[in-house]
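The values are calculated or read from the model by the stated rules, or taken from the named source; none is laboratory data. Note that the structure is predicted; figures quoted are calculated from it, not measured. Every residue, glycine as well, gets a Cβ built from its backbone with ideal geometry; the counts of neighbours run over all protein chains shown.
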Amino acid sequence: MLGLKLPTDPRWVNLAEKSLEDILTDHAYCEQKAAISCISLIQGHPKRHRLVRELSPIVTEEWGHFRQVLNELDSRNLELGLQRKDEYVNMLLQFQRKGGSREQRLVEKLLTNALIEARSCERFRLLSLHLEEDALKKFYHTFMVSEAGHYRLFLDLAMEYGGEEKVKLRWQEYLDYEKQIMEQLEPRGDRMH
């Protein structure tokens with residue numbers, strides 16, 4: 001369904017389980033950044049009625065996710081650590097085409113967001129299936145479902161604003177590039193991506 005061309009290394013879940021405080025910290029900041037990204041898209045494109053109306057509730061949802069992860073940290077007497085550099089996202093941002101029309105730049109941002117959500121969904125699925133603790137499996141299942149919807153929305157918006165055929169071609173380029181990123185990055189249990 002997600003179209004990702006390289007699945008996550010199976011060792012990642014075991015590494016994440018051993019670094020629970022770190023993975024929860026990174027997850028919290030990912031949710032925060034997702035909310036900020038939606039706010040930025042709304043601020044940059046206020047006349048895009050559908051974008052504004054559909055991303056507004058996602059801002060609230062992502063911030064709620066941030067709070068849920070904070071509560072999970074608190075329930076385990078774990079601390080929210082410092083935010084870390086996200087190599088995966090930074091590499092994706094380098095792939096965005098710069099210049100072009102305002103609409104083309106919007107499509108690039110939407111595709112980047114779609115891909116981040118797709119990879120997050122895939123990772124949450126793995127956690128929901130393979131963690132030892134049932135409560136954490138359920139915790140991550142709810143995030144998986146949410147991210148799948150966000151991925152689909154970002155992709156749909158990109159197609160609406162950029163044209164379905166052009167966006168499908170560009171999406172394949174993003175998927176190919178993301179595969180290269182995944183081949184380069186070592187699996188780390190302290191990062192969601």
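Conditions: (1) small (G, A, S); (2) closer than 15 Å to V89 by Cβ; (3) surrounded by fewer than 21 Cβ atoms within 10 Å (Cβ to Cβ). G149 meets all but one. Number of the miss?
With respect to (1) small (G, A, S); (2) closer than 15 Å to V89 by Cβ; (3) surrounded by fewer than 21 Cβ atoms within 10 Å (Cβ to Cβ), G149 is out only on (2).
Restricting the search to the stretch 90-103, which residues are under 15 Å from the mean Cα position of the chain (by Cα), surrounded by fewer than 21 Cβ atoms within 10 Å (Cβ to Cβ) and either among the hydroxyl-bearing types (S, T, Y) or closer than 17 Å to W171 by Cα (or both)?
Keep residues of the stretch 90-103 that are under 15 Å from the mean Cα position of the chain (by Cα), which gives 90-93.
Checking the rest, the ones that are also surrounded by fewer than 21 Cβ atoms within 10 Å (Cβ to Cβ) come to 90-91, 93.
Within the stretch 90-103, M91, L93 qualify.
Please go through (1) within 19 Å of Y140 (Cβ to Cβ); (2) in contact (Cβ under 8 Å) with a residue 24 or more places away in the chain for L110 and return the number of the only condition it doesn't satisfy.
Here L110 clears every test but (1).
Which of the residues belonging to the stretch 55-89 are surrounded by 17 or more Cβ atoms within 10 Å (Cβ to Cβ), closer than 20 Å to L115 by Cα and in contact with a Leu (Cβ under 7 Å, 6 or more places away or on another chain)?
Within the stretch 55-89, L55, Y88 qualify.
Kindly check whether there is at least one residue in the stretch 61-83 that is in a helix (DSSP H, G or I), acidic (D, E), at pLDDT 95 or above and within 22 Å of A158 (Cβ to Cβ). Before you say what the answer is, go through the steps one by one.
Here is the first cut: in the stretch 61-83, the ones in a helix (DSSP H, G or I) are 61-75.
Still in the running and acidic (D, E): 61-62, 72, 74.
Still in the list and also at pLDDT 95 or above: 61-62, 72, 74.
Of the ones still in play, those that are also within 22 Å of A158 (Cβ to Cβ) are 61-62.
Yes: one or more hits.
Return a yes/no flag: does the stretch 41-50 have any residue that is of a type in the set (A, V, I, L, M, F, W, C) and crowded, with 19+ Cβ neighbours inside 10 Å. Steps first, please.
First, the residues of the stretch 41-50 that are of a type in the set (A, V, I, L, M, F, W, C): 41-42.
Restricting the remaining residues to those that are crowded, with 19+ Cβ neighbours inside 10 Å gives 41.
Within the stretch 41-50, one or more residues are of a type in the set (A, V, I, L, M, F, W, C) and crowded, with 19+ Cβ neighbours inside 10 Å.
When you check V167 against the structure, is it β-branched (V, I, T), within 26 Å of R50 (Cα to Cα) and more than 17 Å from the chain's Cα centre (by Cα), yes or no? Working first, answer last.
Numbers: β-branched (V, I, T): yes; within 26 Å of R50 (Cα to Cα): yes; more than 17 Å from the chain's Cα centre (by Cα): yes.
Yes.
Do you know which residues across the stretch 23-36 are surrounded by fewer than 21 Cβ atoms within 10 Å (Cβ to Cβ) and in contact with a Lys or Arg (Cβ under 8 Å, 6 or more places away or on another chain)?
In the first step, residues of the stretch 23-36 are kept if they are surrounded by fewer than 21 Cβ atoms within 10 Å (Cβ to Cβ); the result is 29, 32-33, 35-36.
Selection gives Y29 alone.
For the stretch 80-102, state whether one or more residues are farther than 22 Å from H150 by Cα, among the polar types (S, T, N, Q) and touching a residue at least 12 places away in the same chain (Cβ under 8 Å).
yes
Any idea which of (1) in contact with a helix residue (DSSP H, G or I) (Cβ under 8 Å, 6 or more places away or on another chain); (2) in contact (Cβ under 8 Å) with a residue 24 or more places away in the chain is the one I39 doesn't satisfy?
Condition not satisfied by I39: (2).
Here's a check for you: in the stretch 118-146, which residue that is in contact (Cβ under 8 Å) with a residue 60 or more places away in the chain and not hydrophobic (A, V, I, L, M, F, W, C) is surrounded by the fewest Cβ atoms within 10 Å (Cβ to Cβ)?
My answer is E132.
Here are some residues: L110, L106. Which one is at pLDDT 95 or above, among the hydrophobic types (A, V, I, L, M, F, W, C) and under 13 Å from the mean Cα position of the chain (by Cα)? Don't jump to the end; show me each part of the working.
Values: L106 fails: under 13 Å from the mean Cα position of the chain (by Cα).
None of the others qualify; the one that does is L110.
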